[in-house]
Amino acid sequence: MRVPMIAGNWKMNTSIGEAEQLVNEIRRGLGGVIGVDKVVCPPFVSLATVKELIKGSSIRLGAQNLYFEEKGAYTGEISPLMLADLCEFVIIGHSERRQYFNETNEIVNKKLQAALKVGLKPILCIGEKLEENEAGRTKEVVTEQLQSSLAGIDCSGDFIIAYEPIWAIGTGKAAIGKEVNKTASLIRRTITQLYSDAIAQEIRILYGGSITADNIAEFMEQFEIDGALVGGASLKPDQFVSIIKQTQEIFYPTNPPTKDLV
Ligand code: PGA
């Protein structure tokens with residue numbers, strides 16, 4: 001069974017002090033919630049502080065981006081080696097990076113290679129634009145993103161794919177659970193074709209885009225969706241905790257685990 005994952009992408013929000021307060025509240029709210037992987041992805045400057053504050057809890061840490069070179073004259077960039085000491089996961093290819101920082105599938109591919117080389121677990125983001133969705137091109141776009149960003153990549157470890165239709169991110173207009181389930185199923189079939197069925201069955205596919213405590217259930221009830229990448233609602237501790245608790249209830253309706261599944 002795939003362990004569900006709820007990851008909070010804080011984006012460019014929170015000072016170090018605010019990050020401290022947010023993670024403390026999340027930690028308090030999550031006491032005893034097990035069987036769901038809980039990840040927070042604060043801004044780079046807060047990673048070290050948050051790392052200290054989650055010690056002894058089951059909350060796990062991720063970064064929002066990295067650069068693909070290991071070191072050198074790349075002013076302002078963060079190397080995979082710097083992150084490897086700090087966190088476990090890294091979001092790669094988020095649509096905001098693709099949109100505002102010109103990240104192509106080729107760059108995403110290099111970043112994936114760099115992350116895996118140092119043992120970071122990637123959360124690869126893919127998803128179509130509104131016009132592509134309206135033109136019925138979702139399948140084509142998602143397949144192309146997977147094929148080119150995964151070229152030469154070994155997905156056999158703990159590899160996570162976040163399907164985030166761009167028109168649903170930060171817009172308050174979430175996709176429809178059943179539709180996302182179909183796309184998640186297409187992603188899994190594509191992984192089977194590119195790798196193997198065993199790998200496709202292992203990979204966790206998250207949904208992202210305007211997730212809140214009010215709509216999480218619609219997505220977590222879908223067979224192919226293994227969790228969520230949450231933006232805005234991950235900055236509100238009550239919402240984030242409720243999203244995780246609802247996920248736990250949906251995944252373990254009768255028999256909640258008694259210790260965390262890793
Ligand atoms: P949102 O962001 O939940 O604010 O829509 C999701 C994301 O960008 O990962």
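The values are calculated or read from the model by the stated rules, or taken from the named source; none is laboratory data. Since the structure is predicted, the reported quantities are computational estimates derived from the model, not experimental observations. Note that each Cβ is placed from the backbone with ideal geometry, even for glycine, and that neighbours are counted across all protein chains shown. Accessible surface is based on the protein model in full, side chains and every heavy atom, while ligands, DNA and RNA are left aside. Shrake-Rupley method; radii C 1.70, N 1.55, O 1.52, S 1.80 Å.
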Would you say residue 166 is touching a Cys at 6+ places or on another chain (Cβ under 7 Å), β-branched (Val, Ile, Thr) and over 29 Å from residue 28 (Cα atoms)?
no
Out of all the residues in segment 152-175, which are open to solvent by 50 Å² or more (accessible area, probe 1.4 Å) and farther than 26 Å from residue 192 by Cβ?
170, 171, 172, 173
So, in segment 27-56, how many residues would count as being basic (Lys, Arg), part of a helix (DSSP H, G or I) and farther than 22 Å from residue 247 by Cβ?
1
So, first residue more than 13 Å from residue 114 (Cα to Cα) and open to solvent by 10 Å² or more (accessible area, probe 1.4 Å) in segment 79-96, second residue within 16 Å of the ligand (Cβ to nearest atom) and in a helix (DSSP H, G or I), Cβ within less than 8 Å, six or more apart or across chains; the pairs are 95/166
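One line per residue, one yes/no per condition, for (1) of a type in the set (Phe, Trp, Tyr); (2) within 16 Å of the ligand (Cβ to nearest atom); (3) open to solvent by 40 Å² or more (accessible area, probe 1.4 Å):
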| site | (1), (2), (3) |
| --- | --- |
| 177 | no, yes, no |
| 183 | no, yes, no |
| 210 | no, yes, no |
| 217 | no, yes, no |
| 224 | no, no, no |
| 232 | no, yes, yes |
| 251 | yes, no, yes |
| 255 | no, no, yes |
| 259 | no, no, yes |
Considering segment 147-175 alone, what residues qualify as being over 22 Å from residue 39 (Cβ atoms) and more than 16 Å from the ligand (Cβ to nearest atom)?
147, 148, 151, 152
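Within segment 122-135, identify whether any single residue is assigned to a helix (DSSP H, G or I), over 21 Å from residue 63 (Cα atoms) and of a type outside the set (D, E, K, R), and answer yes or no.
yes
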Output the number of residues of segment 32-57 satisfying the condition of being open to solvent by 60 Å² or more (accessible area, probe 1.4 Å), on the phi < 0 side of the Ramachandran plot and either more than 18 Å from the chain's Cα centre (by Cα) or among the basic types (Lys, Arg) (or both).
4
